[in-house]
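Colleague: Quick one: this structure, given as structure tokens, is what I'll be asking you about.
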Ligand SMILES: [Zn+2]
């Protein structure tokens, strides 16, 4: 489907190759229609499928998981799913820095 105007702001769309990142890791450059006004990037269905395939190949697919917050003593805790700890190379006993970022928690290893 070819679009001439951005759905978000009505700006002009131009075709270009853009880098697609998932969890901060580049999956490569893919053709997209990019709004010259708001930078909204639109990928067609074929390209979206290609991006999904690359994400699966790199082991990035399905890394986002729902976790439950539990209570340990007076603190709250979450379990880090194995797929995520493997992906980040987290190990028991290693130090990490936890910090809030608006509505997120960032844990840096
Ligand atoms: Zn726009």
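Where a number appears in this text, it was derived from the coordinates with a stated rule and is not lab data. As the structure is a prediction and not an experimental result, all values here were calculated from the model. When we count neighbours, we look across all protein chains shown, and the Cβ atoms used for this are built from the backbone with ideal geometry, even at glycine.
Colleague: What's the exposure ranking of 18, 70, 54, going from fewest to most Cβ atoms within 10 Å?
Modeller: Details: 18 14, 70 10, 54 17.
Ranking 18, 70, 54 by Cβ neighbours within 10 Å, fewest first, gives 70, 18, 54.
Colleague: Moving on. Consider just the alpha-carbon atoms of region 69-108 and return their Rg together with their Dmax, both in angstrom.
Modeller: Expressed in Å, the Cα Rg and Dmax of region 69-108 come to 11.3, 29.
Colleague: Within region 19-33, list the residues whose amide N lies under 18 Å from a label point set 7 Å along Cα→Cβ of residue 99.
Modeller: Within reach of a label on residue 99, which here means backbone N under 18 Å from a point 7 Å along Cα→Cβ, region 19-33 contributes 24.
Colleague: Related question: Principal axes first, then extents: for the Cα atoms of region 13-57, list largest minus smallest coordinate on each axis, whole Å, largest first.
Modeller: If we take the Cα atoms of region 13-57, the spans are 33, 22, 12 Å.
Colleague: From the mean inverse distance of alpha carbon pairs (Kirkwood) and the Cα radius of gyration, derive Rg over Rh for the chain.
Modeller: Details: Rg = 18.8 Å, Rh = 17.1 Å.
Looking at the chain, the ratio lands at 1.10.
Colleague: If I take R0 = 30 Å and measure r between the Cβ atoms of residue 107 and residue 7 in this structure, what FRET efficiency does the formula 1/(1 + (r/R0)^6) give, to the nearest 0.05? Mind dumping the intermediate values first?
Modeller: On the way: r = 35 Å, r/R0 = 1.17.
In this case the efficiency is close to 0.30.
Colleague: Only counting other Cβ atoms within 10 Å, I'd like 44, 39 sorted with the fewest neighbours first. Write out the running numbers ahead of the final one.
Modeller: On the way: 44 15, 39 12.
The most exposed by this proxy come first: 39, 44.
Colleague: How do 88, 76 rank when sorted from fewest to most other Cβ atoms within 10 Å of their own Cβ?
Modeller: 76, 88
Colleague: Sequence gap at least 6, Cα distance under 8 Å: using those rules, report the relative contact order of the chain to the nearest whole percent.
Modeller: Numbers: 118 pairs, mean separation 15.0, N = 109.
So the answer I get is 14 percent.
Colleague: Taking each pair of distinct Cα atoms in region 30-78 once, what is the resulting Kirkwood hydrodynamic radius in Å? Write out the running numbers ahead of the final one.
Modeller: On the way: mean 1/r = 0.0705 Å⁻¹.
Computed over Cα pairs of region 30-78, the Kirkwood hydrodynamic radius comes out at 14.2 Å.
Colleague: Roughly how many nanometres apart are two label points built 7 Å out from the Cα toward the Cβ at residue 77 and residue 92?
Modeller: 1.2
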